[in-house]
Each structure stands twice: as structure tokens, then as C-alpha cells.
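Asks: Take a look at this one; I'll ask things after.
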DNA sequence: CACGTACATACGGCGTCGGGTATATTATCT
DNA sequence: AGATAATATACCCGACGCCGTATGTACGTG
């Protein structure tokens, strides 16, 4: 389990991560929402924690898990080398879609750049 | 081997993909550049092809493999939900880096948007 | 202090993936 | 057609990952 890619290869772990995007959750909440046995949740959380995807704080007898950004950025950085490739291949399509978006006036996160290529952290 | 994430979990496969970013390559070229036995290369290429990461054309007795963009976009789309999260967490840092970049005048791909969030294909 | 809750860990079993070796297939050349 | 190069596939095996069950630990409450 050496790389971030092996971590996110597991469907249950991806489910947990997606769940944690909304807000931090306790083990029990994850267990109930994803309908998976508690030891399974704990084990996956351990893997995710050791890989830096999540961190936890103790709140009474429960532990709240939340996301950490770094590993995701690592995946993003890896993906970056391929973005150059696929942007070339889909350039015409992209321009077409851009025109579509502007004409249908679907405003998405107005003033924010969507993604940074190669974040340095 | 059901999802794109399992495909890219394998280090040798990622090496092959990275190699193919530059240009299409034959099996033998991959074999030599990555110093891995030929059956290993063929097996991984099979997996990559069936997952849609690469396609091949026959050129005499050799087969040239090249990348296909779709699976990468799938990974990118998955990452997108987390981009919102980490951009919030690193907003201040991001603005700082942006100022750094502009002041050092490091122009990157001038007129091109780096990545499309949620590509529709 | 006994008990219940919330979570973590230990252990055994099983399926699957990747590596290695050998062999089959397809194309090229003489 | 025979030989050789390039690639694909078959088979066996060892390792590792995930699951389920059982048990351990820590915290809170009566």
C-alpha cells in the first residue's frame, strides 16, 4: 500500500472519501450511511489516515474524521502530464462546449479558477 | 479490475502511461526503456487497452500503442469533487503563489485553460 | 464500580493480481 | 517453405488485500 493510487483503488475507501467531502463524520455515521460493518470502516480509515487522506480528532467517545488535501493534489499532479495530451485531442470539442456553456448561461463558481495545475505542495 | 483506479494503481502501468505521453511506442520500445520483460509489458498493455487507456495499431510485425483520453478524464472528474474542498483550504496559499508566479513572470501555456472541471465526455 | 457505547485491533481464510517461464501466433525475409 | 523477429497467451505460484468474526480498549453513565 505504498502509493496514493493504491489507496484510492478501493471502492469502499472512495465512498468514505466522497462522504467526507460534505462534512467530517464519526465512524458510526460512516458505518450507517455506507452500510458497511464497523471493523471494515475502521480498517479503511486507518489506511486512509496513514496515507494522509484523512485526520481524526477525538470528541468524547467518538472520533471525527475529516479530509486532508495533500494526497489529492498528488493525484492531480500526476494527472497533469496527461492533461496536456488530452487537451490537444479534445481542443475542438472543448471550444464547442465552452460556447454551449456561455450560450446557456450556466454560471459555475463565478470568480474562481477551477483547478491549479501542478500545485507545489 | 473493474475501475480506472485499479488500473492506475499498478506502478508499471503508470510507467507505461507516462512513457506513452511523449509519443506512441511499440511493445519492444517500452520493454527496453522500462527494462521489464516482454510478457509483463504485453500483459499490462492488455489491461490498459481493455480499460480504454490505450489503443494499438499494427505496423508490420510490431504494434504501436498510444494513449486515449477518456479514462484520464474519468479520474479527473472524480477528483473534481475534492478540488472544491482543497481550494477552500488552500485559498490563501493559492493567491500567494499566484502573486509569486506573476512577479517571477513564469508564463505557462499562455492562452490555454489548464483543466476543464467535469468534462462531459 | 459495573455496564454500555464507540472504536480499534487480531486472526484466519479466500480470492485475485502480478511475476516468471514456456509456448503459441502472426508477420517478414530469403 | 523455413527461419527469425515481434508480440500475445497459458500456466503455475507466491504474495497481498479484503472480509468476517471475535476480542480488546477507552470513555461515559447509572
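Values quoted throughout were computed directly from the atomic coordinates according to the rules given, and no laboratory measurement underlies them. All values reported here derive from a predicted model rather than from experimental measurement. Cβ coordinates were reconstructed from backbone atoms using ideal geometry, including for glycine residues, and neighbour counts include every protein chain displayed.
Asks: Residues being on the phi < 0 side of the Ramachandran plot, loosely packed, with under 15 Cβ neighbours inside 10 Å and more than 12 Å from every other protein chain (Cβ to nearest Cβ): count how many of those fall in the range B:56-87.
Replies: 5
Asks: Hey, another quick one. Consider residue B:21 carefully, then state whether it is within 11 Å of another protein chain (Cβ to nearest Cβ), in contact with a helix residue (DSSP H, G or I) (Cβ under 6 Å, 6 or more places away or on another chain) and either within 11 Å of DNA strand C (Cβ to nearest atom) or touching a residue at least 24 places away in the same chain (Cβ under 8 Å) (or both).
Replies: Yes: the conditions hold for residue B:21.
Asks: Same structure again: Output the number of residues of the range B:31-48 satisfying the condition of being closer than 23 Å to residue A:86 by Cα and more than 8 Å from DNA strand D (Cβ to nearest atom).
Replies: Result for the range B:31-48: 3.
Asks: Shifting gears a bit: Would you point out the residue of the range A:1-28, among those that are over 13 Å from residue B:81 (Cβ atoms) and touching a strand residue (DSSP E or B) at 6+ places or on another chain (Cβ under 7 Å), that is surrounded by the most Cβ atoms within 10 Å (Cβ to Cβ)?
Replies: Result: A:25.
Asks: Then there's this: What residue, among those in the range A:1-14 that are in a helix (DSSP H, G or I) and near DNA strand D (Cβ under 10 Å from one of its atoms), is farthest from the other protein chains (Cβ to nearest Cβ)?
Replies: Restricting to residues being in a helix (DSSP H, G or I) and near DNA strand D (Cβ under 10 Å from one of its atoms), the top hit is A:12.
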